[in-house]
1. Take the solvent-accessible surface of the protein heavy atoms, probe 1.4 Å, and return the percent of it on the range 59-98 that carbon and sulfur atoms account for.
2. Can you list which of the DSSP-assigned H helices in the chain have a Cα extent of 18 Å or more along the long axis and an average Kyte-Doolittle score of at least -0.5?
3. How big is the antiparallel share of DSSP beta bridges in the chain, given as a percent to the nearest 5?
4. Ranked highest first by the average count of other Cβ atoms within 10 Å around their residues, in what order do 251-260, 296-305 fall?
5. Averaged per residue, what accessible area in Å² does the range 58-133 show with a 1.4 Å probe, protein chains only?
6. With N denoting the number of residues in the range 274-382, provide Rg(C-alpha) divided by 2.2 N^0.38 Å, to two decimal places.
7. Given that compact globular proteins tend to follow 2.2 N^0.38 Å, what is the ratio of the alpha-carbon Rg of the range 239-338 to that value?
8. Extent of the range 1-114 along each principal axis, from alpha carbon coordinates, in Å, largest to smallest?
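The values are calculated or read from the model by the stated rules, or taken from the named source; none is laboratory data. Predicted, not measured: the structure shown is a model, and the values here were computed from it. Cβ placement follows ideal geometry from the backbone for every residue including glycine, while neighbour counts extend to all protein chains displayed. Calculation scope for accessible area: heavy atoms of the full protein, side chains included, ligands and nucleic acids excluded. Shrake-Rupley method; radii C 1.70, N 1.55, O 1.52, S 1.80 Å.
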Amino acid sequence: MRSGLRIWSHRVLWIFIALSAATGAYFTGERILFFSAAALIILPAASCAATFLLLRGVKISRKQPSAVVKNEDAAVAAVLHNHTPMPFSEVRILLNADENAVVVQKNRIVSLGAFKKCAVKIPFSVEYRGFYALGLHSICVTDPTGLFHLSRKIGGAQEIVSLPTVAELTNVSVASNLMTQTSSRFDIRDEDYSTVSDIRQYLPSDSIKRVHWKLTAKRNEWLVKIFQSNALNIVSVILDTTRLKLSPPETYAIEDALVENALGIAKFCLNRGMPVDFHAASKTSAKSPAEFAAIYHAAAALRFTGDTDAHTILSAELNAAAGYLNAVIVTSRLTAPLCERVLNAGSNGHFVFVMYFPPETPCDDSEEIFKILSEAGRAAKG
């Protein structure tokens, strides 16, 4: 703003002096005034043309990260090499970035001498997870007369990946049922009786064949063996990748919240011994916290295209389930078919829960559908 005001004030002063010289030459006929008026008119044009041509002699190289973590500071590095005899007192370097997601701390201004090289870093951060264009947009200079701003576009923006953070969930209400099943191992189908995975206290429902006789006698309490199960209580985390027709800031915020919380649920379950099938664009499975990285990378590379919605994935999982299905759906879009499928799954013994992230202006039916699901204990707002 100040630079623009300075240039305009400079222009007004220059025009005033040029008009004064031209007026004086017209009325007095003094040759010096004619030369002065001519110089004041020709010099800016020559200065502008020379600066425009010599600016093309500034070579620019840049380096930027291909991936950053959301909200962490990063920088675009640029090296400017002036191969011309003209020094540039102020070179403004502008970034090309999505203003709805990428925060550029400030565009840099550097001085570049004749036949000199200058390195500069422009810091930035990305507010949301996703894929965004980022690169150098242009360099701007002022000609020696100070009357004109000249720019040279650089272009060539590259796609940068903003990696998601993981929501640290300390209490997930939908997981209490699953955690009870995991800790007690009531599901004894497909057990591997050659491998003892744990020991616990005897329950009235336990078979006498499962008693660990040596430890029972040693500790003077009834203890039973828990064998390694091939039918662990797997949790299906279903992330709805449908892209809503919203403004870019709202779209970015909702998609970021969906991914962050879906990852948080997956991590929460894995840390409590519940294997996870993570469904988004494709299926990624993990059986322990050590395998969480596979789910994280799948979520980081995810694009919201809406090729497959939550209802389709849930239907496929229910059809393929050999037993009862444990599923958590993370979505920003509630539909009547999804509501019906969730309620029917619950009445058939499956445990399906919906974590709903509403947009600022949800569709007319979404709030009513959410009310139905929440009253049935099958939904909560994120």
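1. Numbers: 1010 of 2060 Å².
It is 49 percent, rounded to a whole number.
2. Numbers: long enough: 2-28 (39 Å, 0.65); 31-55 (35 Å, 2.06); 248-271 (34 Å, 0.27).
Both cut-offs are met by 2-28, 31-55, 248-271.
3. Details: 49 of 70 bridges.
Taking every DSSP beta bridge within the chain, about 70 percent pair in antiparallel fashion.
4. On the way: 251-260: 21.7, 296-305: 16.9.
Going by the mean number of other Cβ atoms within 10 Å, highest first, we get 251-260, 296-305.
5. 52 Å²
6. On the way: Rg = 14.3 Å, N = 109, 2.2 N^0.38 = 13.1 Å.
Against the compact-globule rule of thumb, the ratio is 1.10.
7. Values: Rg = 13.6 Å, N = 100, 2.2 N^0.38 = 12.7 Å.
That works out to 1.08 for the range 239-338.
8. Ordered largest first, the range 1-114 gives principal extents of 71, 31, 18 Å.
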